[in-house]
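The values are calculated or read from the model by the stated rules, or taken from the named source; none is laboratory data. Just so it is clear, the structure is predicted and the values come from calculations on it, not from any experiment. Neighbour counts are summed over all protein chains in view; Cβ atoms, including those assigned to glycine, are modelled from backbone coordinates with ideal geometry.
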Amino acid sequence: MRSVIVDCAIYRHGLRTEGPADFSDALDEARAIGDAFVWIGLYEPTEDEFDLVTQEFSLHPLAVEDALKAHQRPKLEVFDDSLFVVLKPVVYEPDSDSVTSGELMIFMGDSFVVTVRHGEGAPLSSVRHRLEADPKVLEHGPTAVLYSIADAVVDHYLEVAGELQTDLEVLEAEVFSPGGGGSRTTAASIYRFKRQILEFRRASGPLAMPLARLAGVGPFGRAVPFVNESAQPYLRDVNDHLTRVNESVEGLDRLVTDILSAHLAQMSVRQNDDMRKISAWAAMAAVPTMIAGIYGMNFDHMPELHWWWAYPAVILLMAALEVGLFRLFKHRGWM
């Protein structure tokens, strides 16, 4: 069990205090104090490892099942003894220009916070250190932890959205370059980029409603249990940032769709140009082939067959027709 516990501490009046090493004793002490709470962080626990946590904190079995299996959409669930919040942090990989997501589950009650992390995309040590350096925020109790984690996740969304915007500008320059249409692999690159946006939307889009409920905005004016109302202005700020993120992602999705359409249109025009050129050259090749075919039929009675100037006249006729066709096709832009 020790291997999956990242950190465990008791917080009182915005300050971290020394407490029992065992989280069961730490929870009892926090409840005995009355104005304190315990925050325990776990990393990818198994069912057996999480069983004691479930019993000590009276966590709902359905939420526990979700926390262990992961692969959940961002959501908020309210139970009798706790809240259960799922967040999906995202990470941008600059080497592969790809977006990957992890999962963060938060159980929050009146005197405890349990965080369960899956994947490498959601380290919480920096969040904990930043909170411990700001007792004024930490005084809001478990809600401060929820706010700080959500704020860190959404702020990183903004950074990833900026990276994707840069990648999109590169794709846009490739498609609309003077050569036109990009390379043969451009369509595959655009499709891969669209997949990254889809991965991003799966993380940020479904989070809008849970965060609005926590912040008490829109139709969700009623306070959510276990959420300190004095912390709601902070949550509304996070909600505003998430709105910006979702608007940015929507814009990226529309732009990449337009770029893909433009690329396919350019490819179609290029193919039509190639077909016109092929057709023009085929038409020019058909003229001498037709004339040579007629005079290669070896009939005895053919006009001008024994005329001395017949051969050069036919050659000149073919050359004149070829030049005429070439100029015609060139004028129409087929050559």
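The condition of being touching a helix residue (DSSP H, G or I) at 6+ places or on another chain (Cβ under 9 Å), crowded, with 17+ Cβ neighbours inside 10 Å and part of a helix (DSSP H, G or I) holds for only one of A26, A67, A30, that being A67. Would you check if I33 is over 18 Å from S148 (Cβ atoms), hydrophobic (A, V, I, L, M, F, W, C) and over 23 Å from the mean Cα position of the chain (by Cα)? Criteria met by I33.
Quick check: is even one residue across the range 70-85 free of Cβ contacts under 8 Å to residues at least 24 places away in the same chain, assigned by TED's automatic domain parsing to the domain that holds R128, under 26 Å from P210 (Cα atoms) and not in a loop (DSSP other than H, G, I, E, B)? Within the range 70-85 (the criterion being free of Cβ contacts under 8 Å to residues at least 24 places away in the same chain, assigned by TED's automatic domain parsing to the domain that holds R128, under 26 Å from P210 (Cα atoms) and not in a loop (DSSP other than H, G, I, E, B)), the answer is yes, since at least one residue qualifies.
Taking the numbered list (1) at pLDDT below 90; (2) among the β-branched types (V, I, T); (3) not in a helix (DSSP H, G or I) in turn, V114 passes all entries but (1).
So, of the residues in the range 41-64 that are in a strand (DSSP E or B) and of a type outside the set (F, W, Y), which turns out to be surrounded by the most Cβ atoms within 10 Å (Cβ to Cβ)? Looking at residues that are in a strand (DSSP E or B) and of a type outside the set (F, W, Y), I get L42. Inside the range 132-169, residues that are farther than 23 Å from S204 by Cβ and part of a helix (DSSP H, G or I) make up a count of 6.
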